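Take a look at the structure set out below.
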Amino acid sequence: MGWQGFTATTKRRAIIAPKFYYFDVGIVNYLLKQNKLVPDTDAFGHAFEHLMIQEIIACLGYRFSEEQVTYWRTTNGYEVDCIIGNGRVAIEFKSCKEVQSRHTKGLKAFQEEFPQAKLLVVSLDKYRRTLGDVEIYPATEFLKELWADKII
């Protein structure tokens, strides 16, 4: 599935090249001959992001939502993995065990143009917490809240 870039920002020029996600993260791993995903590797991080994106798309589909799911990447290197709607929710996925402020740079840049955006990082953190304006969710808690209609 092709996924378009979010382009409604004015302060920073966005890259609009599409990202592609298969419907199943297992298919991607099979095609790449990745039999075992090892934490703290790029492959693990990509699979983690892919899984979370698929859950968001499925949840919106089950709710018959018409909101678009996009990503945001700028020419000067800022990126947010998932934008829901017209900047209503911005989500970054990090497969690390402890999110730090450096992991929120893309979200903070996005917030400059969309101050009303709900900012989230989904990670392998043990506990839910906040880091400034950013809510940090452990992946399992994020999924529970997503499907309970508390995120989007």
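The values are calculated or read from the model by the stated rules, or taken from the named source; none is laboratory data. Predicted model, so just to flag it, every value in this text is computed and none were measured. All Cβ positions, even for glycine, are placed from backbone atoms using ideal geometry, and neighbour counts span all protein chains on display.
A few comments on the model shown:
- Subset of the range 109-140 (residues that are in a loop (DSSP other than H, G, I, E, B) and within 21 Å of Arg88 (Cβ to Cβ)): Phe114, Pro115, Gln116, Ala117, Arg128, Gly132, Asp133
- Taken over the range 79-129, residues that are among the hydroxyl-bearing types (Ser, Thr, Tyr) and buried (at least 19 other Cβ atoms within 10 Å of the Cβ) amount to 3.
- Some residue of the range 62-78 being assigned to a strand (DSSP E or B), modelled with pLDDT under 95 and more than 26 Å from Leu32 (Cβ to Cβ): yes
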